[in-house]
Amino acid sequence: MSNRLITGNKEFRSYLQSLTERKVPMLGLDIEGEFNLHVYGERLCLIQVYDGSESSAIDPVGIDVPLLQEFFEDRSTLKIMYDSLSDQSLLFKTMQIRIHSILDLKPAVDLLEYEKRDLGSVLGKSLGITIEKKARFQQYNWTTRPLAADAVEYALGDVEHLFRLKDHLLAELAEKALLDVYLHKNLMVQNKAPDVDRRPRLFRSGQFRGLSPKSKTLFEQLYEIRDTYAREVDLPPDMLIPKQQLFQLAAGTLAPAELRPNRRVPSAVRARIIVDIEACLG
């Protein structure tokens, strides 16, 4: 099984042309993204594809959005994925791209009532495959360029088994007369609108609901201050003000001068944040 890294518009166009010429009907697909862990916001960082014989890692940095859209929205190629909702949301939120023709295997695992339903556990139970999960790649900074070769190999590890996993799960579903139910649930996954308009999780938490009306208003203002500066310095908002400290500020149990932003936050920005928070709190 060969692997390769595809970069830039020219290489990606050539790859798409190769898929067309070889009439590849089906792909295993996964992506790696950044979710406010190392930098600000959400970003598509790597696309992993297996075509039945070759694994390819596609670096989306430097590839035009219309080309990426052509790939993801092509209805003629079935895309085998696992738990695709977060990937769909990321692509739509950041690029207005929809993934078409998905075969999502997660609803199959739900119907079969596997005890552990993360992909690694499912591969182990279904196929006896153990994917080496190197701890440092669990929180790897996928925005780093160039990407480390072993990081790319790690990212390709799961997608290479999706073809076999599909066959195994479909056979299990057929044996238990659940195939029709699964096909319907898979269509529901594809037809579900990407979840991009929900309020941030902090505003849906019990801790937020427990604030007084005045403190809720302050929290919303403090959240916007934090978000504005996080975007400016391109750092995760929690590096500027941890969420627990946001609640403490809003509730009046923490003074702005007690804030200790991460050392990656420039000192001048730290000072401006404190001034703005003091003005907000009055």
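Please report the relative contact order for the chain, taking Cα pairs under 8 Å with a sequence separation of at least 6, and give it as a percent rounded to a whole number.
Values: 356 pairs, mean separation 49.4, N = 282.
Relative contact order of the chain: 18 percent.
Divide the volume of the convex hull of the Cα atoms of region 2-191 by its number of residues and quote the answer in cubic angstrom per residue. Spell out each step's value before the answer.
Working: hull volume 23.1 nm³, N = 190.
With only Cα atoms used, region 2-191 gives 121 Å³ per residue.
Using the Kirkwood radius built from alpha carbon pairs, what does the Stokes-Einstein equation give as D for region 242-282 at 4 °C and 1.567 mPa s, in µm² per second? Write down the numbers at each step before the final one.
On the way: Rh = 10.5 Å.
Estimated via Stokes-Einstein, D reaches 123 µm²/s.
By a straight-distance test (C-alpha under 24 Å), which lysines pair with Lys116 as possible cross-link partners, with residues fewer than eight away in the same chain excluded?
Correct list for Lys116: Lys79, Lys106, Lys125, Lys133, Lys134, Lys166, Lys176, Lys185.
Please state the relative contact order of region 201-281 as a whole percent: Cα pairs under 8 Å, 6+ residues apart?
Working: 60 pairs, mean separation 26.9, N = 81.
33 percent.
Just the number, please: percent antiparallel of the DSSP beta bridges in the chain, rounded to the nearest 5. Show your work: numbers first, answer last.
Numbers: 12 of 24 bridges.
So the antiparallel bridges in the chain amount to around 50 percent.
What is the projected area of the convex hull of the Cα atoms of region 179-282, averaged over all directions, in nm²?
On the way: hull surface 36.5 nm².
Mean projected area of the Cα convex hull: 9.1 nm².
Compute the acute angle (0 to 90°) between the alpha-carbon long axis of helix 213-233 and the principal axis of greatest extent of the alpha-carbon atoms of the chain; round to the nearest 10°.
Between the helix axis and the principal axis of the chain, the angle is about 70 degrees.
When we measure straight from the Cα of Lys216, which aspartates and glutamates land under 13 angstrom away, once same-chain ones fewer than 8 places off are left out?
Glu224
Helix-derived [θ] at 222 nm for the chain: sum -39500 (n - 2.57) over DSSP H runs of at least 4, divide by residue count, nearest 500? Present the calculation step by step, with values, prior to reporting the outcome.
Details: 14 runs with 144 residues, N = 282.
Helices in the chain give a 222 nm mean residue ellipticity of -15000 deg cm²/dmol.
Write down, largest first, the equivalent ellipsoid semi-axes of region 110-244 in whole Å, where each equals the square root of 5 times an eigenvalue of the alpha-carbon gyration tensor. Mind dumping the intermediate values first?
Numbers: eigenvalues 295, 119, 36 Å².
Listed largest to smallest, the semi-axes of region 110-244 are 38, 24, 13 Å.
Along the three principal axes, how long is region 26-80 when you take its alpha carbons, biggest first, rounded to the nearest angstrom?
Sorted from largest, the Cα extents of region 26-80 read 34, 22, 17 Å.
Readers should treat all values here as calculations from the given coordinates under stated rules, not as data from a laboratory. Computed from a prediction, not measured in an experiment: that's the story for all the values here.
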